[in-house]
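Below: one structure, written as structure tokens.
Every number in this text was worked out from the coordinates using simple rules, so none of it is lab data. Predicted, not measured: the structure shown is a model, and the values here were computed from it. Note: ideal-geometry Cβ built from the backbone for every residue, glycine included; neighbour counts use all protein chains shown.
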There are 4 protein chains.
Amino acid sequence: MEKAISVVGGDLRIVKLVEMLIADGYTVYTYGLEYSEDLLKLEGVEMCPTLKDAVTDSRAVVGPIPLSSDRKNLSMPFSHVKLSLEEFIECLDGKTLIAGNITEPIRNILDSKSVVYIDLLKREEFSVLNTISTAEGTIQIAMEETQRTVHGRNVLIMGFGRIGKVLSKMLSGIGAKVYCEARKDEDLAWIKAYGYEPIHLNDLDKNLSKFDIIINTIPFQILDNKRLDLLKKDIVIIDLASNPGGVDRKSAKEKNLKLIWALSLPGKVAPVTSAEFIKETIYHALKEMH
Amino acid sequence: MEKAISVVGGDLRIVKLVEMLIADGYTVYTYGLEYSEDLLKLEGVEMCPTLKDAVTDSRAVVGPIPLSSDRKNLSMPFSHVKLSLEEFIECLDGKTLIAGNITEPIRNILDSKSVVYIDLLKREEFSVLNTISTAEGTIQIAMEETQRTVHGRNVLIMGFGRIGKVLSKMLSGIGAKVYCEARKDEDLAWIKAYGYEPIHLNDLDKNLSKFDIIINTIPFQILDNKRLDLLKKDIVIIDLASNPGGVDRKSAKEKNLKLIWALSLPGKVAPVTSAEFIKETIYHALKEMH
Amino acid sequence: MEKAISVVGGDLRIVKLVEMLIADGYTVYTYGLEYSEDLLKLEGVEMCPTLKDAVTDSRAVVGPIPLSSDRKNLSMPFSHVKLSLEEFIECLDGKTLIAGNITEPIRNILDSKSVVYIDLLKREEFSVLNTISTAEGTIQIAMEETQRTVHGRNVLIMGFGRIGKVLSKMLSGIGAKVYCEARKDEDLAWIKAYGYEPIHLNDLDKNLSKFDIIINTIPFQILDNKRLDLLKKDIVIIDLASNPGGVDRKSAKEKNLKLIWALSLPGKVAPVTSAEFIKETIYHALKEMH
Amino acid sequence: MEKAISVVGGDLRIVKLVEMLIADGYTVYTYGLEYSEDLLKLEGVEMCPTLKDAVTDSRAVVGPIPLSSDRKNLSMPFSHVKLSLEEFIECLDGKTLIAGNITEPIRNILDSKSVVYIDLLKREEFSVLNTISTAEGTIQIAMEETQRTVHGRNVLIMGFGRIGKVLSKMLSGIGAKVYCEARKDEDLAWIKAYGYEPIHLNDLDKNLSKFDIIINTIPFQILDNKRLDLLKKDIVIIDLASNPGGVDRKSAKEKNLKLIWALSLPGKVAPVTSAEFIKETIYHALKEMH
């Protein structure tokens, strides 16, 4: 049972993960990935006909990230089968489940069955690594959506959390003039220490007219109807914040402003790198358990 | 006649240039741009029915970059008219022609007619500015064509000329590990001074297997059939060198290697920025003449 | 009483702070700074003969950073007077004390007398700003203490906290090859995201022989006698950790290794910048109180 | 005679070079370095009693950089002997001389005696490598001579030649705000491409008041009496240009401005790195001759 792992469901990142696990010497049992052409061509993978077959011979079971997108069934875009969360959990007795966004009701069931679980999206390490892909994907979008170079542009990043930190470094690295907006003195001190132009939220309005590109990372509507009026007409706004985002979408549309709402970039722009990050995090998490 | 300028033919960059010249207070007479929707909507532009009308009231005439792509007619993608080089030159008596790639036969005719001319593509300033767009466009391609982040990748730049210098800075700025290949000790010293990993052409072969992305800027076939065998199977090669390029294309195809031949990036990825650079260069060139 | 502030004791940074406060329009009353030649030449400062005179007309009193270095008297290097903490606190009724490192016994007395106090060294903002000076001072030391350029050297930073983050950016910015040691997966992820070479503590020993310069920020003895044997003979070690530091000093001396223990750099290498940071932090702290 | 080399005279860099040549397996014969304590302790070096002994058994003779500082005798700071250039050249028949700044009269004599010579200071490679040390030494001076951090300062670099290019990258890398002054459109384009703030010489005067630090690399007096009046009173000027430099020294002194004239930095701030660069250049030069 050493060096065996089960993989159930998941998207392209999980497919790439399977390839890497095999390259690292694991025996990998899969279920719910039967439509992946990459896997069909891959030597050494054990694609199992039933869930039970797939999980029998390993202790660790990797599930989708996120585990479910409808709160009922497992995320299995590479399968025609529907697998309910209940049915899935049934098979996990005594095993370790590794997946993303394991919600509280599910956690309660897992606890009651003594299934150990690791939520990748709760591991700071994984979040940090993912900012690399998110930042790079954002820059790619900025390049694609403008008729000018990003180099030389005035770019505002709203929020100086994980993504803000990595994104500002990269943008500055390709020659953009980077401004970062924050509210907390501590964050503004970091922005200064890293060498970007700090802008306190209170001073945002009087600066808004100078930006060519704005990237929002704050899950709170800062760019409201009134502030949108202060922007350049040819602004490009990229909103990375999850629902409801940081921009008044309706107003932006009415004002004919270019707004791109970009979510889940890591899996889209760099699935292989994402798979590497998943793999690293899994290895570290499993190591901690021993 | 102060602050008047004529623009004849040209691509999207030239259209954007017209917009900028008008914004700067010029009266702009155009010919051969009648299919540009941007211009049709633009207030203040004088779209003339004949070439003669277009050039009568200004001393400086801006032509396409390059002037011609078939050595016979002017490059006029936004027009259904064909305008021969001869006919065009006929109208330039006593004027200053500003265009790109003015070939020797044309230069001889211009000299004989005492037409002053400025070849933008021969101005070092313009070439340097264009490297900004070329470098950024190359990075955009690298991001689009790989399933991994460029961050963290081993990237080889072959040649340390203008493009190599700007590209290495940007790539390093987004977190790639940058290696630069050169032959001359002087170039290798620069690579070291700028903090990239220098690789002498003589040491290229033994290093080739480690690169994830290779960007060629040398107009000479370095990546021949034999060297292509030394590359990673999932390499991405971007060739920026003009015909015949630096890669054995046929072999690359046979070996199923991903090769992108990317020419004329500035106009494609950042036409507005290109127009700005054209404008700046024209202003400087005209200033020098006074 | 608007725009009046008292300053009692303190070092060169506090002297510079007085200059800046006056330039900002404050009336500044000082005590315990009578030996500062800078202040003697400065117009507009109110140097008071007694502590009482100095604190009467303002609500905010700025004290030394740290408040005391012997736990008994105020830090007053620019005075021949000794002022005990008790005597000082006596005069603070109803005022706001701003100083550094206000110890618990002092805090208890202040609380009992309803004196509001702000410990600058406990404000994250101030700590972050100070890392700028610390990082730059460290680089200055590295340049002075080596016969080689820092550019091109293999530099190890031990610990990826505040100082590690800013220092790695600057060192990389002048062309050093930066390695960062950490224990936590999260920190190692940040190191990777920022583009430096991560080294897990477990892998430290096998890497130690390649470094030219080591900078320690961890207040725990990592570089013990055994590890010191693994270093290059001409290593330069800069220890930024406060007592007892991160290096076995005795062993380092016996082995004839170059070790610089560098504490309190901000005040030494950049007193004016430090004063600016003190000023900014005071302004923000006072604003919060209203 | 394979792997033998002679070293005659020279400063600390040459002493370090001898150490490196021996470490590389060369037999090294020296003359005129007898006062160097480093060499006295070094095993394997052949310190010869006469010049003739020192040059008999090798083909390549390394001399001082520069060869002479008084145009009469060899530069031999580590010797009490005076050795005239004539006497030295006498012994070089059939040999290759490698030294710095070989003046025309000397070159003529060498030619007449068929001595091959390599002037290191004429090799672009060596000049480029030396900019690394010069740039870093300049930053060290800037750190030492100011009471503020270089981070966050407005720094003007006058001239965008070799030193300007490397210095701007490093200064920007530690967080300075970098402005570069130039005259040529081409240089200004490079400044923009690299992401610094370009300032045309014509616009210099109106910008001068904003700089905290000015570094001059132009061997022509730009900062004349009139311009010095436009500077901040606490400016720090570092002049890297050789005699007469780029600053009106007399006026600067009268106006009490801080001016540091910093020449020959590589040998002073990083003698070992300089020796490495000398070694590399010698190896490349000798290789070319075969």
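Can you give me the Cα centroid spacing of segment B:214-261 and segment A:229-290 in angstrom? Taking the Cα centre of each part, segment B:214-261 and segment A:229-290 sit 34 Å apart.
Panel note: the C-alpha atoms of segment C:110-253, placed on their principal axes, show extents of 57, 34, 33 Å (largest first).
Calculate log10 I(q)/I(0) of segment A:1-123 for q = 0.10 Å⁻¹, where I(q) comes from the Debye formula with a single equal point scatterer on each Cα and nothing for solvent. Reported log10 I(q)/I(0), two decimals: -0.26. Label positions at residue A:59 and residue C:230, each projected 7 Å from the Cα along the C-beta direction, are separated by 2.9 nm.
Under the definition of partner shielding as Cβ atoms of other protein chains within 10 Å of a residue Cβ, what is the mean value for peptide C:282-289? Could the numbers behind the result be given before it?
On the way: counts 0, 1, 4, 1, 0, 1, 1, 0.
Whole-number average of other-chain Cβ neighbours for C:282-289 is 1.
Points 7 angstrom from Cα along the Cβ direction at residue B:183 and residue A:289: gap in nanometres? Each label point lies 7 Å from its Cα, and together they span 5.8 nm.
Distance from the Cα centroid of segment C:22-45 to that of segment A:25-56 is 77 Å (rounded to whole angstrom). Only helices enter this figure: runs of n ≥ 4 DSSP H residues, each worth -39500 (n - 2.57), summed and divided by the residues of chain C, yield -11500 deg cm²/dmol at 222 nm to the nearest 500. Sorted shortest first, the separations between the residue D:202 label point and its copies elsewhere in the assembly read 4.3, 4.9, 6.5 nm; each point sits 7 Å from Cα along the Cα-to-Cβ line. Once you reduce segment C:116-164 and segment D:125-148 to the center of their Cα atoms, the two points are 19 Å from each other. In loop segments of segment D:50-105 as defined by DSSP, the trypsin sites (Lys or Arg not before Pro) with at most 16 further C-beta atoms inside 10 Å of their C-beta are D:59, D:71, D:72, D:82. Once the gyration tensor of the Cα atoms in chain C is diagonalised, the equivalent ellipsoid follows with semi-axes of 41, 18, 18 Å, ordered largest first.
Largest GNM mean-square fluctuation among A:256, A:101, A:130, using chain A with Cα springs under 10 Å: A:256. For segment C:217-230, backbone phi angles converted through the Karplus equation (6.51, -1.76, 1.60; θ = phi - 60°) give residue-by-residue couplings of 10, 9, x, 6, 6, 7, 7, 8, 3, 5, 5, 4, 5, 8 Hz, Gly and Pro being listed as x.
Diagonalise the Cα gyration tensor of segment C:1-70 and give the resulting equivalent ellipsoid semi-axes, square root of 5 times each eigenvalue, largest first, whole Å. Write out the running numbers ahead of the final one.
Details: eigenvalues 54, 41, 26 Å².
Taking √(5λ) for each eigenvalue gives 16, 14, 12 Å, largest first.
Comparing B:51, B:42, B:21 in a Gaussian network model of chain B where C-alpha atoms under 10 Å apart are linked, the largest mean-square fluctuation is found at B:42. Counting Cβ atoms of other protein chains within 10 Å of each Cβ in A:193-201 and taking the mean gives 4.
Could you give the longest part of chain B that holds none of the GluC sites (Glu not before Pro) found in DSSP loops with at most 11 neighbouring Cβ atoms within 10 Å? No qualifying site falls inside B:44-290, the longest such stretch. In this simple spin-label model, placing a label point 7 Å from the Cα along the Cα-to-Cβ direction at both residue C:80 and residue A:87 gives a separation of 9.2 nm. Listed cross-link partners B:192/C:268; A:16/A:122; D:122/D:250; C:210/D:16; B:233/C:192; D:165/D:253 are compared with a 23 Å cut-off, the Cα-Cα value being larger for B:192/C:268; D:122/D:250; B:233/C:192; D:165/D:253. For segment A:185-233, what are the per-bin percents of Cα-Cα distances with bins 10 Å wide, up to the bin holding the maximum? Bins of 10 Å from zero give 22, 54, 23, 1 percent of pairs. Set the Cα radius of gyration of the protein assembly as shown against 2.2 N^0.38 Å, with N its number of residues, and you get 1.05. Nearest-to-axis residue in chain B, judged by Cβ distance to the rotation axis that brings B onto A and given in whole Å, is B:173, 1. Between D:173, D:246, D:100, the Gaussian network model of chain D with springs among Cα atoms under 10 angstrom shows the greatest mean-square fluctuation at D:173.
The same position residue A:49 in the other copies lies at 8.2, 9.7, 10.5 nm from this copy, comparing label points 7 Å beyond Cα toward the beta-carbon, shortest first.
Expressed as a rounded percentage, what relative contact order does chain D have, with Cα pairs under 8 Å and six or more residues apart? Present the calculation step by step, with values, prior to reporting the outcome.
On the way: 536 pairs, mean separation 43.3, N = 290.
With pairs under 8 Å counted, the relative contact order is 15 percent.
Taking Rh as the Kirkwood radius computed over C-alpha pairs, what is the Stokes-Einstein D of segment A:73-181 at 4 °C in a medium of viscosity 1.567 mPa s, expressed in µm² per second? Can you show the working numbers first?
Working: Rh = 17.0 Å.
The calculation lands on 76 µm²/s.
Distances between copies at residue A:86, taken between label points 7 Å from Cα along the C-beta direction, are 7.6, 8.7, 11.0 nm in increasing order.
The mean number of partner chain beta-carbon atoms within 10 angstrom of a residue's beta-carbon across peptide A:153-166 is 1.
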